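Encoded as structure tokens, the structure appears first; notes follow it.
The values are calculated or read from the model by the stated rules, or taken from the named source; none is laboratory data. Just so we're clear, the structure is a prediction, and the values are computed from it rather than from any experiment. Every residue, glycine as well, gets a Cβ built from its backbone with ideal geometry; the counts of neighbours run over all protein chains shown.
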């Protein structure tokens, strides 16, 4: 016996997963959710929109005021800037004039520099005597030298050589101290100073 199936799958009743009504309900649900989210966003952004409107109005008011001031006084800001620049340059010129007067009168002390002193000290070198300290104060008005020697008689020779230098000719050495070194008995320390 043989069976023939004449009931083909296309003639069977198929189960529908989503019917038209179900699809309509799902679409309606999403529309309601999206409308609620939109309404919430509009409500939460309303204070920011009000602040933006207020700030824009304030900006427009300030811009109009600036334009009114510019229209009322054209070129006045440039005049004030020029006046400030002239005052600044006048102060600089006055400061330069006072500095030039101070340098010309010598109120700052030695305007020639100190290299002449060091050159004279180097040229006046005496074998057996050497400097251990140099102090130049009051713009060259006060000079003092400390040093050591193996023979105390070399100090006057050193002073004579310094006196021959042009930078020391107008200066008098009015301080001279000789002392035997406490640590080294064979050495004598000396201190030479000039008056202001």
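Per-structure values
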| quantity | calculated |
| --- | --- |
| Total residues in the stretch 155-175, condition within 47 Å of the chain's Cα centre (by Cα), assigned to a helix (DSSP H, G or I) and under 27 Å from residue 187 (Cβ atoms) | 2 |
| Selected residue (criterion: farthest from the chain's Cα centre (by Cα)) from residues of the stretch 1-60 that are part of a helix (DSSP H, G or I) and modelled with pLDDT under 70 | 11 |
| Top-ranked residue of the stretch 115-153 - restricted to ones that are touching a strand residue (DSSP E or B) at 6+ places or on another chain (Cβ under 7 Å) and in a loop (DSSP other than H, G, I, E, B), ranked as surrounded by the most Cβ atoms within 10 Å (Cβ to Cβ) | 152 |
